[in-house]
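A short worksheet on the structure shown next.
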Amino acid sequence: MSSSSSSDSEDGGRDGGNVTGRRGGGGDFEGPSSSRRRSGNGVWPEPFVEALAYQVANDASRSIGRLDAALALFNLFQVCSTWRAVSRSDLLWQNLTRTIWQRTRRLHDTWRDEYIYCHRTARNFRMHRNIYTTLHFLPPTDDNNDAPLSCRRLALFDHYLAAGFSDGSVRLFHLPTRIHLSTFLPHHRDRLGPFSRAVSGIILSDTQLVFASLDGDIHVAATNNAELPPRRTHVGDVVNDGALVDFSGCERWWVGLYAGVPGRAFHVWNGGTEELVFIGGTLTDPEAVMGWHLLTELTQLIGRVRVTSQELAIACTSLRVIVFDLRNQVLVLGEEEFRRGIIVGSLDANQEALVIVDGRGRANVRRAGTLEEVCRFMVMGASQRGVLGCMNSLYALMCTGNVIRVCEVERGEHLYNLRERIGETSAIVTDERHVAACSSDCTIHLWDFGAQ
């Protein structure tokens, strides 16, 4: 285990400091107490000041950057003691955490603590402060497949990391302890190829793990009861649907991207009832033959699909990208062909935006609903060696060769490269706190940017 950090020369405005306006040591937050005082003069009623604080913070977040909202609050709370008393409102911090950091679930005692945690973690990401380690697990002992084990997918959710492999197994890790909790290996049916059971996607939450394989099977496992075997909730039909090349979703929706049979690119399930509600789409029709080849040879990525918290699905192949609304009968909101082609492995999305790299190594950050460009930046070496990409709300990570580059997604600024060189990478994922990547030797590398 090792730690990384860089100079703190940018602290001050972006560090947010002492949001209540009280002078504190080290520039840290000294947020509100649990009680609230009312204004006695009646000139500036507390609800008005609270609404003003909310507006000022959001204006700073949108016009300058999310890390700058804290400085705006700090300045506002220094006006007088009455205004500073508003900083004790947990409702204010809940609203700010939701709108600025898109976090609706609280992991800490108060929403003020949650906001501080989100701010400091994002700050750590920007300043390259992290703890690096590797996760270990026992290799399979009963695999009849002669092909070497390879990691195909990674998924993060709060305290969990799930890794899906070419033998159809999914390994679940507990991140606070770095412990391997369980290995889920479903009973597979007759195989149509040596890689038909390879994991093609994972949806992870605090209670369950949903994973799919290339042959179209979908299984559900409980994260809080590793003793229960995974349950097959959907039986794949490769002949009629093709290969399930990617699988993603959220609590409400599961989306599968297929290749092999024309006109059946997308399958959408209701995540609550597990009912299949839509089949259609032509996105992968040109890649039909390549879809069949994946069952016998794991070659290049054919397509990717991602689902945002706004219930939008974003998918791409090497030719075009498409966005559709899952809430409105899979209504297509935008579609675009890339003249220079798309590096499929680069696509990822956060709550509001997507990132994608074209064939010449130019990365585009787009708004998810409209495909409007936010910023662009170059990914060195992408056109020669390919790229695997991932993103969280503020940063995009691009892995080319054995170098992982970190860029911010509001202006496209290149911040730094992760110091560790992990070799050829087969999968990479990030959330607001962690980055996880798996190298060709199936070592899982973990960077933790959490506020300590």
Those residues of the stretch 27-55 which are at pLDDT 85 or above and within 28 Å of the chain's Cα centre (by Cα), in sequence order = 54, 55
Look at the stretch 77-102 and say how many of its residues are surrounded by fewer than 22 Cβ atoms within 10 Å (Cβ to Cβ), under 27 Å from residue 408 (Cα atoms) and in contact (Cβ under 8 Å) with a residue 24 or more places away in the chain.
-> 3
Wholly inside the stretch 119-188, strands (runs of 3 or more DSSP E) that include 3 or more residues that are open to solvent by less than 10 Å² (accessible area, probe 1.4 Å) and either polar (S, T, N, Q) or out of contact with any helix residue (DSSP H, G or I) (no Cβ under 6 Å at 6 or more places or on another chain) (or both) are 160-165, 170-174
Going through the stretch 307-342 one residue at a time, which ones are basic (Lys, Arg) and in a strand (DSSP E or B)?
-> 320
Does residue 369 fit the bill of being modelled with pLDDT under 95 and touching a Phe, Trp or Tyr at 6+ places or on another chain (Cβ under 9 Å)?
-> no
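If you take the residues of the stretch 206-229 that are in a loop (DSSP other than H, G, I, E, B) and open to solvent by 30 Å² or more (accessible area, probe 1.4 Å), which of them is farthest from residue 254 (Cα to Cα)? Write out each step before concluding.
Taking the stretch 206-229 first, the residues in a loop (DSSP other than H, G, I, E, B) are 206-207, 214-217, 223-229.
Still in the running and open to solvent by 30 Å² or more (accessible area, probe 1.4 Å): 206-207, 224-229.
Working: 206: 16, 207: 16, 224: 21, 225: 22, 226: 22, 227: 24, 228: 22, 229: 21 Å.
Filtering the stretch 206-229 for residues that are in a loop (DSSP other than H, G, I, E, B) and open to solvent by 30 Å² or more (accessible area, probe 1.4 Å), the one farthest from residue 254 (Cα to Cα) comes out as 227.
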Could you tell me which residue of the stretch 295-306 is most open to solvent (accessible area, probe 1.4 Å), considering only residues that are over 15 Å from residue 282 (Cβ atoms) and either without any contact (Cβ under 8 Å) to a residue 24 or more places away in the chain or not in a loop (DSSP other than H, G, I, E, B) (or both)?
-> 299
Only one of (1) within 20 Å of residue 397 (Cα to Cα); (2) assigned to a loop (DSSP other than H, G, I, E, B) fails for residue 345. Which number is that?
-> (2)
Filter result (closer than 22 Å to residue 66 by Cβ and either assigned to a loop (DSSP other than H, G, I, E, B) or touching a helix residue (DSSP H, G or I) at 6+ places or on another chain (Cβ under 6 Å) (or both)) within the stretch 348-370 | 350, 351, 352, 368, 369, 370
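The values are calculated or read from the model by the stated rules, or taken from the named source; none is laboratory data. Computed from a prediction, not measured in an experiment: that's the story for all the values here. Heads up, the Cβs are rebuilt from the backbone with ideal geometry, glycines too, and the neighbour counts pull from every protein chain shown. We work out accessible area using only protein heavy atoms, side chains counted, and drop any ligands, DNA or RNA first. Shrake-Rupley method; radii C 1.70, N 1.55, O 1.52, S 1.80 Å.
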